[in-house]
Each structure stands twice: as structure tokens, then as C-alpha cells.
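Single-structure report; data block below.
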Amino acid sequence: QGRGVGTRHISLADIPWDAWARTLSLWLPLILVLWLGLVGLAVVVHRQWSDHEQLSYPIAAFADSLLPREGEVMGSVFRNRLFWLGLGGVFAIHLLNYAVQWFPSLIPLPLSFDFTSLNEILPTFRRSGWSWLLLRPTLYPTVVAFAFFLATDVSLSLAVGPFLYSLFVGIMAGYGVSVSSGSYLSPNIQKLFSFGAYMGVVLTIAYTGRHYYLNVFRRALFMKAREEVEPASVWGARAFLASVVVFAASIMALGLDWPLAVPYTLGTVMVFLVMSRILAETGLFFIQPYWCPALVLVGMLGPAAVGPQAMLIMYMLSTVLLIDPR
């Protein structure tokens, strides 16, 4: 609870820095070098994603639509009658539902719906364990708005995907196979599925921009490239490569052998890279990977092969760096 008394806080000089010295000297450099590497990688992929692949960056596009153009006082969207009609309608719904809390005699306009009675005729769906959530949908106007920035196939995938997955989980449960058993750090089929999906996205990213990335990293390693590359991307690639090496060497110094330290490092980068890709392409502003490199390595190699010491190191790293990235 700290050393403060009542509302009086202690000064920075009163903090027992000696007790924290070893802890901070381990975690702060590790976090900073990972952060630096991810920023460098962001500089590299941004050029490919924004210019070459023309990703929509829906959240940035939304913010840009609110800003005025050069020489204008306000954004053009604020002079659009349809914008004000849509804004007014959504605001009226929220205002009515808020007023119901004060005046219960008013009739609310529900944004949540309960179809859980369908569980009785959908036993396979019920066995998945997700029906309680999927059959209680909530209409979020913000999500509907962002859907207009997306390609229709992306919107369709986001809508249909969870139901298809729950159907698969229910079918497997009918055969006695649990897909999602265990705690957050327990290897299971669901987490390995998520890892496979992320790996597929990384391979797609690499293949789509293979020519650009090859030129960037060749220049970053002081090799000749066939095409000109902007200096910012080259220095971003160098920062990324240097940070990855330092990060892997740091966790090796903690006692993790290189056959585990290298894939753990690459897996950590993969988590944030794919989350960034999803954000840039779909505008999905709530993402939860629900896997980490430690549980994938333990799940693929087995606890006996990894060993208790390496498991403890990787799980401790994951608890601090990747316990619930979203």
C-alpha cells in the first residue's frame, strides 16, 4: 500500500530504490528494447501497408474525416446533412436509454437482445460454451460505423467467424474433445489455432511485400538493393534487427537456451505485428490474441523437452510482457 499516510504521499527520495534496483534493471531495459524494435518495425511495414497495399487504416481515416482541409475552418463531414442525421439518431437512442434510468415509466430502445432460448434446439451450439455470449448480441453503433470503412468480405468474416468457430467447438465437444480447456497459460487446441492463424497472417504479410522487405533489409545490412528505399525504413529495419538481437541475448542471459530464446523472441514480435495489421486493415479496436510464445513452445515440444527452468523463465516473461495483450 506504500508509505503514504492519508492523502500525504511520500517523495521520490523516500522510495526504497535499493530494493527495486535489480528488478528495474532487468525489466526496464527489456521492455524498452522491445518497444524500440517494434517502433522500428512499424516504420518498415507502414510504407508497404499504406503506399503499396493501400490499406484503409479505418481509425485514422475516421479521425481524418473530422479534421478540416487546408484553408477550411471545419471538416467537410460537419457540413454533411447525413452525418448530422446519423449522429442525432444515435445520440437520441443513448439519451433515451439514459433517461429511462431516471424515469422508469419511459420505454427504452434496447440495443441488446437475448436469443438464449434457442439453446434448447441448438445442442451442438450450446456445447461450445460460447452460446451464452453469441446469442446475446449487443448492437454497438460505433462498430457499425467502422464497418463502412471496411471491405464487405472483412465485415462478413468478422460477423460470421465467431459462429462458425463455436459450431466447430461444439462438434468437437460432442466427441469428447475439449478445445479451450485450461487457464490462460495452459496449452490447448484453441490457443494453437490462434497461433496458426497469426502465423498465416505473418506469412501473408511477408509474401505480399517480399520485394520491398527484401530491399529494405538488404540496405539495413549494408548490402546492395535493386530498388531505392527511403532512409527512414532502412534505419527502422536496423533498429528492429538490433533490438531483436539484444532482446534474445537478454533472455538467454536469464538462462534460456537459444533454441527457445530465438523462437520466443520472434513469437513476441509476431503477436504485436499481427495485431497492428488487423488494426490497420480492419479498424478492429478490441483485439485479444489469447496466446503467447511460451505456451506454444510448451504445447509443441512438450513440458519434458522444455524443462521446468525454461518453462518458468518463459512464463514469467509472458506474465509481464504478454499476459493479456489487447
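Screening the candidates ALA237, ALA249, ALA159, ALA206 for the property of being in a helix (DSSP H, G or I), among the aliphatic types (A, V, I, L, M), within 19 Å of the chain's Cα centre (by Cα) and under 29 Å from LEU297 (Cα atoms) yields one hit, ALA206.
Being modelled with pLDDT under 95, open to solvent by less than 90 Å² (accessible area, probe 1.4 Å) and either of a type outside the set (Lys, Arg) or in a loop (DSSP other than H, G, I, E, B) (or both) holds for only one residue in ALA63, ALA42, and it is ALA63. With the structure loaded, tell me whether SER180 is over 30 Å from HIS52 (Cβ atoms), open to solvent by less than 60 Å² (accessible area, probe 1.4 Å) and in contact with a Phe, Trp or Tyr (Cβ under 6 Å, 6 or more places away or on another chain) or whether it fails that test. It is false that SER180 is over 30 Å from HIS52 (Cβ atoms), open to solvent by less than 60 Å² (accessible area, probe 1.4 Å) and in contact with a Phe, Trp or Tyr (Cβ under 6 Å, 6 or more places away or on another chain). For residues that are part of a loop (DSSP other than H, G, I, E, B) and within 34 Å of the chain's Cα centre (by Cα), scanning just the range 71-82, find the one that is surrounded by the most Cβ atoms within 10 Å (Cβ to Cβ). Among residues in the range 71-82 that are part of a loop (DSSP other than H, G, I, E, B) and within 34 Å of the chain's Cα centre (by Cα), the one surrounded by the most Cβ atoms within 10 Å (Cβ to Cβ) is GLY75.
Checking the range 292-303 against the condition returns a match, with at least one residue being small (Gly, Ala, Ser) and touching a Lys or Arg at 6+ places or on another chain (Cβ under 8 Å).
The values are calculated or read from the model by the stated rules, or taken from the named source; none is laboratory data. Small disclaimer: the values here were computed from a predicted structure and weren't measured. Here Cβ is always computed from backbone atoms with ideal geometry, including for glycine, and neighbour counts include all displayed protein chains. Side chains included, ligands, DNA and RNA excluded: accessible areas come from the protein's heavy atoms. Shrake-Rupley method; radii C 1.70, N 1.55, O 1.52, S 1.80 Å.
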